[in-house]
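Encoded as structure tokens, the structure appears first; notes follow it.
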Amino acid sequence: MALMTGEQYIESIRKMHMQVYMFGKKVESPVDDPILRPSLNSVRMTYDLAQKPEYQDLMTATSNLTGKRVNRFTNIHQSTEDLVKKVKMQRLLGQQTAACFQRCVGMDAFNAVYSTTYEIDQKYGTTYHENFKKFAAYVQENDLTVDGAMTDPKGDRSRAPHAQEDPDLFLRVVERRPDGIVVRGAKAHQTGALNSHEIIIMPTISMGPEDKDYAVSFAVPMDAEGIFMIIGRQSCDTRKLEGSELDVGNAEFGGVEALVVFEDVFVPNDRIFLCGETEFAGMMVERFAGYHRQSYGGCKVGVGDVLIGAAAVAADYNGCAKASHIKDKLIEMTHLNETLYCCGIACSAEGHPTASGNYLIDLLLANVCKQNVTRFPYEIARLAEDIAGGVVVTAPAEADLKDPKLGPYVEKYFKAAPGVSVENRFRILRLIENLTLGTAAVGYRTESLHGAGSPQAQRIMIARQGNLPMKKELAKKIAHVKE
Ligand code: SF4
Ligand code: FE
């Protein structure tokens with residue numbers, strides 16, 4: 001099968017029988033739900049852009065498994081050039097959606113699992129790598145969207161998986177059969193789970209010998225028996241039910257997270273990529289996290305481009321674009337945003353091949369990238385709010401603007417620069433609100449902090465990768481220290 005069009009993708013998700021719950025009720029048709037639909041539209045863009053000749057080079061790649069042209073979101077990276085193109089593709093999609101387009105987690109899981117399974121097989125003579133290659137070729141052939149699920153609910157953070165009071169707080173194997181395994185547990189904050197055909201499960205932390213049942217990786221269809229999702233609430237989510245496109249800020253695109261529950265789900269043997277080899281859990285985590293920290297040097301930068309643009313338009317509409325402090329704030333926002341991009345490109349350009357042959361980013365630089373992402377989007381958002389003015393949180397609703405009695409007053413008192421309609425002014429303000437405080441703030445602001453691992457997780461990796469002994473030796477040599 002060739003690459004899917006966006007429309008074919010939507011229809012393929014519509015055909016699935018996913019169990020989705022929101023506000024205490026089952027959602028019968030998630031594809032048509034007004035709260036959920038914008039997140040589907042974001043993933044759709046990964047298909048639509050891949051169809052456009054001008055984006056072929058960024059959006060597609062040649063598969064090392066089949067030799068065919070595939071969507072880059074299903075690609076196994078074959079060079080540092082592939083890694084760089086990945087980041088550029090993510091920036092492009094961030095610019096086009098101003099939201100989380102979700103398909104990256106699968107791509108990052110693909111590449112982490114590809115190389116880790118190879119190394120497990122080398123040590124244990126298992127067939128995980130063959131299993132994974134077969135699955136990957138199936139995904140590429142059918143141009144599927146895959147969710148990558150790592151984060152367990154984790155319960156008491158001071159205890160290892162096996163030591164939790166409730167054994168299900170980390171996803172685990174509850175039964176081993178001749179034809180496969182049965183798993184139970186949950187994965188939290190799952191971006192795009194409800195818009196994915198398949199889900200790859202990975203462990204969430206390094207594990208010891210007693211965590212054998214928890215060291216498990218596999219793939220199952222999102223509508224496999226026993227899987228259901230509870231959708232997470234977002235600030236301003238029910239505005240999408242009110243019927244005003246203007247008030248939503250970004251009516252077309254969004255992202256949605258869910259708690260994905262695995263209630264005794266069967267996984268056939270050929271879909272298992274790790275099962276009990278505890279010492280490889282850490283490698284899988286480190287590589288997936290590394291790839292996803294690289295990803296943020298692309299997607300968040302693209303969304304940042306939209307936010308910087310919105311702040312600049314707000315300044316134009318307010319009539320203060322020429323003020324030197326406004327210009328300087330826009331420069332600062334650009335500087336911060338491009339610094340993130342530099343990190344995303346740098347960790348890609350400094351990538352190297354793994355034993356399996358696919359390319360891994362430079363882990364130190366990828367962690368530095370994500371550490372900066374935990375800070376800079378906050379400052380970019382602060383400056384955007386500064387430029388936009390308090391009206392970003394006090395502007396009346398579209399219904400007031402369109403009301404025969406109130407409308408003229410809203411028009412009169414919210415008029416700013418000459419020639420700018422109040423409606424356009426409100427549209428830009430609502431977009432800023434959406435990105436900094438509303439539904440998209442999940443994907444831009446808070447996700448910048450916690451997505452791909454919270455700040456401390458990167459600091460641990462930076463400590464591990466920073467090579468302090470080598471730096472000490474450099475200093476001693478220059479200072480002619482003799483010990
Ligand atoms: Fe992709 Fe960014 Fe969303 Fe992660 S947060 S899935 S990298 S768009
Ligand atoms: Fe994310």
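Details
- Expected 222 nm ellipticity per residue - DSSP helices of 4 or more, -39500 (n - 2.57), all of the chain, to 500: -14500 deg cm²/dmol
- The Stokes-Einstein estimate for region 6-272, based on a Kirkwood radius over Cα pairs and taken at 25 °C with 0.890 mPa s viscosity, is a diffusion coefficient of 127 µm²/s.
- Size of charge dipole - the chain - debye, nearest 20, with Cβ of Lys, Arg +1 and Asp, Glu -1, no other charges: 1240
- Rolling a 1.4 angstrom probe over the chain with all protein chains present gives an accessible area of which 55% lies on carbon and sulfur atoms.
- For the chain, the residue among N71, I387, T446 whose Cα projects farthest onto the positive side of the dipole built from Cβ charges is I387.
- Computed over region 416-483, the P(r) curve from all C-alpha pair distances, binned at 10 Å from the origin, holds 17, 20, 18, 15, 14, 10, 5, 1 percent per bin.
- Cα-based Kirkwood hydrodynamic radius, region 32-147, one decimal, Å: 15.0
- Cβ-placed point charges (K, R +1; D, E -1), dipole of region 389-457 about Cα centre in debye, nearest 20: 160
- Note on region 173-325: with charges restricted to the Cβ of Lys and Arg (+1) and Asp and Glu (-1), its dipole about the Cα centre is near 440 debye.
- Relative contact order of the chain, defined on C-alpha pairs under 8 angstrom at six or more residues apart (%): 18
- Against the main long axis of the alpha-carbon atoms of the chain, helix 422-436 sits at an angle near 30°.
- Charge-dipole axis of the chain as Lys and Arg at +1 and Asp and Glu at -1 on Cβ define it, positive-most pick from L246, T374, S158: T374
- As an equivalent ellipsoid, region 293-479 spans semi-axes of 43, 17, 13 angstrom, where each value is the square root of five times an eigenvalue of the C-alpha gyration tensor, largest first.
- Between the Cα long axis of helix 376-388 and the first principal axis of the chain there is an angle of about 10°, rounded to the nearest 10.
- Reachable aspartates and glutamates, given that their alpha-carbon falls under 13 Å from the alpha-carbon of K85 and they are not under 8 places away in the same chain: D57
- In the context of the full set of protein chains, residues of the chain present 41 Å² of accessible surface per residue (probe radius 1.4 Å, heavy atoms only).
- The peptide list 342-352, 433-443, 211-221, 323-333, put in order of mean Cβ contacts within 10 Å with the highest first, becomes 433-443, 211-221, 342-352, 323-333.
- Positive-pole candidate from C236, N337, T278, dipole of the chain, charges at beta carbon: N337
- Taking the C-alpha atoms only, the angle from helix 324-349 to the longest principal axis of the chain is near 20 degrees.
- All lysines inside 27 Å of K154 as judged from Cα atoms, apart from same-chain residues fewer than 8 positions distant: K25, K26, K187, K212, K300, K370
- Euclidean distance of C-alpha centroids, region 1-50 and region 245-319, integer Å: 16
- Cα-based radius of gyration for region 358-429, normalised by 2.2 N^0.38 Å, reads 1.80.
- Neighbour cut-off at most 12 other Cβ (10 Å), DSSP loop, GluC sites (Glu not before Pro), region 80-181: E165
- Principal semi-axes in Å for region 141-245 [√(5λ), Cα gyration tensor, largest first]: 29, 19, 11
- Kirkwood-type hydrodynamic radius, the chain: 23.5 Å, calculated from all non-identical alpha-carbon pairs.
The values are calculated or read from the model by the stated rules, or taken from the named source; none is laboratory data. Everything numeric here is computed off the predicted structure, so don't read it as measured data. Because the Cβ atoms are built from the backbone with ideal geometry, glycine has one as well, and the counts that use them run over all protein chains shown. The protein model used for the area step is the full one, side chains on, heavy atoms only, and it has no ligands, DNA or RNA in it. Shrake-Rupley method; radii C 1.70, N 1.55, O 1.52, S 1.80 Å.
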